[in-house]
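Read the structure below first, then the notes.
The values are calculated or read from the model by the stated rules, or taken from the named source; none is laboratory data. Keep in mind that this is a model prediction, so the values were computed, not measured. Here Cβ is always computed from backbone atoms with ideal geometry, including for glycine, and neighbour counts include all displayed protein chains. What goes into the accessible areas is simple: the full protein's heavy atoms, side chains included, and nothing from ligands, DNA or RNA. Shrake-Rupley method; radii C 1.70, N 1.55, O 1.52, S 1.80 Å.
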Amino acid sequence: MSRNKIIVLALMVLLVIVPFISPELFYVDFLLLMFMYTVIAAGWNIIGGYTGYYSFGHTAFFGLGAYTTAILVAKYGVSPFITFPLGGLVAALFAFVIGYPTLRLKGAYFAIATLSLSFALQILALNLTPITGGGEGLTLPLPPWDIHTTIMIIYYMMLITLAATVATTYLLEKSRIGLALKCIRDDEIAAESVGINTTMMKFIAFLLSAFFPGVVGGIFAYYATYIDPPTVFDPRISMFAIVFTMFGGAGTVTGPIIGSAILFTVDLLARYTITIPGFDLMVFSAIAITIILFMPHGLVGTLREKFKIKLP
Amino acid sequence: MSSKDKSKTQLLIITAIIIVIIIAAAGYYYYTTQKAGGTKPIIVGATLSLTGKYGRTGEWYKLGYELWAKHINETGGLLGRPVKLIIYDDQSDPTTAANLYEKLITVDKADLLLGPYSSAIVFAVSSVTEKYHKVMVEGGGNALKIFSRGYKYIFLTLPGLAENITKGLFDFIASLPPDERPKTIAIINANDLFPKAIANGAIQYAKKLGLQVVLHEEYPKDVKDLTPLLTKVKNLNPDVLIGGTYFPDAVLVVRTLKQLNWRPKIVFLTVGPAMPEFWETLGEDANGIMGESWWEPSAPWKGVKEFVQSFKETFGKDPDYHAACAYAAGQVLEAAVKAVGSLDQDKIADWIRTHTIETVVGPLKYTEAGYPTLGPLLIQWQNGKRVIIMPENAATGKAIYPLPPTWGG
Amino acid sequence: MIGDIATLTQAIVTGILLGGIYSLMSSGLSLIFGVMDIPNASQAVFAVLAAYITYWTYTLVGIDPFIGMVFSAIILFAIGIVMYKYMVSRVSGLMAFTLLYMVAMFLENTMIFVWTNLYRGIRVPYLTGSINIYGIYVPSDRLAGFLISVIGFGLLTYFLKYTYTGKAIRATMQNPRAASLMGINVNSIYLFSFGLGIALSGFAGAILGIIYPFNPTVADEWIGVMFAIVVFGGLGSLMGTFIASMIIGIVSSLVGTYASLVWSPLIAFAILVITLWVRPSGLMGRKV
């Protein structure tokens, strides 16, 4: 265990000092976007990976967080550092509201319901023009700092959120709640019959799973300085969360991290090197299909099973 | 699950994936570290939507940029240095595009920047280029919102804003004798940044001419049935129908009008009628439909003939307006750099703002906010051809006006 | 305040015809979802593929789209069989949904790769106008879609009710284990149903290509409303799917006529969420 701790510590130190040793701002920029996707993936992992409820609409939480920050900052001049967690809370609140009708649904029904809700939110954002600015989107004021400072601040905000998400997942896994969630995933009826309050547990998982993507949604809005419904409610965001997590290993702490790190990098490289329309997403979906068919437990699961490498 | 074969397969797959990643990374490293020797080229960077929803349009800009770079390198380059283009694919995604401009500026050290395509992407990207005080000349995003933020380093080569799209149409209406002029207008548009801007502009123009807007209503971009909306329009029987459309909904408008067997005196739609596919999809039914064209190969501007000919020789097809605007963006940068004799971004910006620049899309004179107000050409489909109606000095035919009130089919 | 009766009638007719397109698009999804409990997220993409096949056989060879659609249905049937055999049968439930979602993405981007994002349209000159019945306009292209849908649903219902294979499919739908005990080869029923379900997209795709300009990405615009219709109609009920399509079509049209079209897309999702909340088994479906 101590060796693991050293690795984790070293990694954390490295990530903290990256902005100072990075030769170019772009790499910091790249990392912060990677963190963003990792947080969404790790958030998804709590409800999808641990509990077995595949949400196909996680972009809804991201978008809600983004709009919370955009509206409060642009229209009311609230400090973004307050709106980031608020966006998470709004996302969690939304999860709470939709949890009641959707968490009763099994398997693919839950997937369809969440997918549809994310579509519905996008349509609402497009048409509630007085609040959301409609199709014209919302413009946030440029951050008051110079470009270097701004990106550093965004970077650390993303990093802190990532650390919080991973820590939450880690603690969850060790706790009775995590155990209960896994029971639900493996056999919900059995879980209920041994006295687990499945409804309560599922709500906890769903709320946590919505909170973190909501927070990064807000940070993203502040970073992008402009958001519109098709960007922040993009179904691809949900899909990336699912594929990244499954690739790394659903229901593991490190799975979403490893998955996002590798696939996000691959995606980016594909984008720079091959510019034939459609090719990059072809490769991306082919990888996903391969994982589902041949590696259902993802990288972490495979490493655990075949190579006896212990990863949390 | 635990059979030997399966674990072997899995090991193989993992190995394969890792190898692919390593090769990709190595390729990328090689790709980025390769620097040309000799005279250091001037790096001109841009991202374009080569994949994703605007994939096809992005390709036109790419050809325009490439042709400009080719011409400039054939004639001795800029400031005696060759020009090197770096174009990335932004997947039609504003976030990706903004991130890539960050890369162009900080990693690739681009000396000059050209723009991406579509208003939403330009909007996102310009907040990056503005932060770095980098001039960006773009021909792909002309929503007023982009230019109403007080930014100083962004310039447009589309010869007008989305708000100006209907200018030609209203010039045409104004050119009619007063007793023949239409009196009432209905405006419909998709609920999206660009079509909204068109509608807002049209309302302003209509007010100026004293025309009455009897209906203004929006519809979702991916609308599947326009009958309910167009029935409403038909019941009001306006003289003019203006549609802030994209391609699919423009086609749908024409088809639905025919199905309702009704036609106002003027039907003006955006984007769709400017494309050759409009006729291919609608055939005869496209006759008489008016649209905007930011540029035509027959446009009367300086250098158009040479541009069209060279484009044809190089790529084997006629350029469209996207390609022309892209080429013009290069021309604007070229003119400014040559005039100020350096790559100083502030000087370049000042020069562009204070001079009239001859380009293939017309003489561009910029407002303080960074856009020209030339306005597009007004075109009308007549028997498979786009005929230029307005401005009069560029006209290639006479307008069919008014359109027959029914389709007779 | 309902305007005049003609407007209302026109709105309802328009809605029914739109419902015809919806039902055609959703038929395959409904069949596959009903029989094997897999929501086939790739259904809409296959419809677009069919639109391309019909388009190319029409523009290159000159085959009439109404014959071309049979041709594309056959091709799609073969693709469906192969897909089921080598991919879908290896996974179940949720994983199957995820897999098919990825297949959809793969296919969509492959089509962009091959055919680009250029919009195409199948132009059938004899279908561009409309029929005027007492001042109500019935567009020919949509009427054709509606008729094909009615015929298709009729044949399908007959097939399920009166043929041996059809009965076997219904038995499998109700209880796969019991069906297999009765000597039905459930696996080959699944194989056939999946092929048939995908093949139904062949007809939907041709109509799609006749009515709307299309490119590979238009599939994304359909999948949400298709899910809504199938869940609303109830799993395993083709009749339910048909009726649900009509209701969603008519309500969308009424909203467009008396309020604004911008709210129409919300109808389907609102109905979906309410269905899942109040009555997850849908209009006519079995219990979930």
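Between the chain alone and the structure with every protein chain in place, find the residues of the range C:108-143 that drop at least 50 Å² of accessible area; heavy atoms, 1.4 Å probe. Those residues are C:109, C:113, C:117, C:118, C:119, C:123, C:128, C:137, C:142.
Each residue was assigned an accessible area with a 1.4 Å probe, and for residue C:192 the value is about 60 Å². Rolling a 1.4 Å probe across the protein heavy atoms gives the protein assembly as shown an accessible surface of 37 Å² per residue. Measuring nothing but protein heavy atoms, the accessible surface of the range B:243-390 at 1.4 Å probe radius is 49 percent carbon and sulfur.
When you restrict to C-alpha pairs under 8 Å that are six or more residues apart and normalise by the size of chain C, the relative contact order lands at 36 percent.
Rounded to the nearest 0.05, what FRET efficiency do residue B:175 and residue C:4 have when you use their Cβ-Cβ distance and R0 = 35 Å? Numbers along the way, then the final one.
On the way: r = 39 Å, r/R0 = 1.10.
Given R0 = 35 Å and the Cβ-Cβ separation, E is 0.35.
The residue list A:178, A:116, A:92 was ranked by how far each Cα lies along the charge dipole of the range A:23-234 toward its positive end, using unit charges on Cβ atoms, and A:178 comes out on top. Of interest is the spacing of the C-alpha centroids, which for the range C:59-83 and the range B:322-354 amounts to 53 Å. Residues of the range A:216-241 whose accessible area (probe 1.4 Å, heavy atoms of protein chains only) drops by at least 50 Å² once all protein chains are present, relative to their chain alone: A:226, A:236, A:239. Structure remark: mean-square fluctuation, Gaussian network model of chain C, C-alpha springs under 10 Å; the largest value among C:41, C:11, C:204 belongs to C:11. Among A:102, A:69, A:114, the residue with the largest mean-square fluctuation in a Gaussian network model of chain A, with springs joining Cα atoms closer than 10 Å, is A:102.
Of the solvent-accessible surface of the range C:97-240, computed with a 1.4 Å probe over protein heavy atoms with every protein chain present, carbon and sulfur atoms account for 66 percent.
Spatially, the range A:181-258 and the range B:64-123 are offset by 37 Å when compared through their Cα centroids.
Each Lys and Arg adds +1 at its Cβ and each Asp and Glu adds -1 at its Cβ; summed about the Cα centre, the protein assembly as shown shows a dipole of about 2160 debye. For the protein assembly as shown, the Stokes-Einstein estimate of translational diffusion at 4 °C and a viscosity of 1.567 mPa s comes to 44 µm²/s, using the Kirkwood hydrodynamic radius over alpha-carbon pairs. Summed over both chains, the contact between C and A buries some 3600 Å² of accessible surface at a probe radius of 1.4 Å. Taking every full run of DSSP H in chain B, the ones that stretch at least 27 Å from end to end by Cα along their long axis and average -1.0 or higher on the Kyte-Doolittle scale are B:4-33, B:321-340.
Comparing A:179, A:299, A:64 in a Gaussian network model of chain A, where Cα atoms under 10 Å apart are tied by springs, the biggest mean-square fluctuation is seen for A:179. Here's the picture: a label point sits 7 Å out from the Cα of residue B:200 along the beta-carbon direction, and within the range A:104-144 the residues with their amide nitrogen under 18 Å of it are A:126-141.
Remark: accessible area buried at the C-B interface is about 2900 Å², both chains counted, probe radius 1.4 Å.
Interface size, chains B and A: roughly 4100 Å² of accessible area buried, both sides included, 1.4 Å probe, rounded to the nearest 100. Computed on chain A, with alpha-carbon pairs under 8 angstrom and 6+ residues apart, the relative contact order is 31 percent. For the range A:23-234, the share of accessible area belonging to carbon and sulfur comes to 71 percent (1.4 Å probe, ligands and nucleic acids excluded). The phi torsions of the range C:250-267, fed into the Karplus equation with coefficients 6.51, -1.76 and 1.60 and a -60° offset, translate into couplings of 5, 4, 4, 5, 5, 4, x, 6, 9, 10, 9, 4, 4, 8, 4, x, 6, 3 Hz, rounded to whole numbers, with Gly and Pro shown as x. Burial annotation for the range A:101-119: residues with an accessible-area loss of at least 40 Å² between the isolated chain and the complete set of protein chains, computed on heavy atoms with a 1.4 Å probe, are A:101, A:104, A:105, A:108, A:109, A:112, A:115, A:116, A:119.
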